[in-house]
Amino acid sequence: MAFKIRGKLLVDETDREERERAWAVIANEILDAIRGVKRMIRGLRPPKLDQQGLVSALAALFRDARKVHGVTIHASVRLDWVADELDPVTVLAVYRIVQEAVTNAATHARVSEAVVTLRSADGMIIAEIRDEGCGFELANSGAAPDDNIGLTAMRARAESVGGSLTVLTSPGKGTTIQVTVPMVRPDGE
């Protein structure tokens, strides 16, 4: 919108120096917008995930939860060799689901700690994120409510790689999110 307004003002500008100055301002704003989009794109797939793998990326996520939200994450990750063998789409899905669940625990559950467990069994990766926080009312047992964007996105991510997500919660009883995804995507990749 700002570009549109500046463009309209520029059309009517008769002073050459003012026009050049306005062009410079527009050019800088465009470069800032491009840089912002690039930052968002890089944030879609954390570099640490590609550079160091799922386990290290999760460890950094848990450290950040402590620094930013004051929530200690007690983690147990038993994936053995599996984490290095997973396809990148599955790795990203697991990472983002755990990230969203940890963020929800930190910002909505009003807790100082949460427990995250990742393990592999029978060709599946099972991640469980549990807090003893305030919990919430869940309309359908285990289903994400349509009005909860975070839970809906987690479920969609799990399903996109052939997995499933279950939510167990009730007011005053905390929340447990369990995601199960196959180590090999259903399309064989």
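Throughout, read-outs are computed from the coordinates displayed, never taken from laboratory work. For clarity, every value in this text was computed on a predicted model and none was experimentally measured. Note: ideal-geometry Cβ built from the backbone for every residue, glycine included; neighbour counts use all protein chains shown.
By the Kirkwood approach, averaging reciprocal distances over each pair of separate Cα atoms, segment 45-182 gets a hydrodynamic radius of 14.9 Å.
Sorting the segments 97-103, 149-155 by their mean number of nearby beta carbons within 10 angstrom, highest to lowest, gives 97-103, 149-155.
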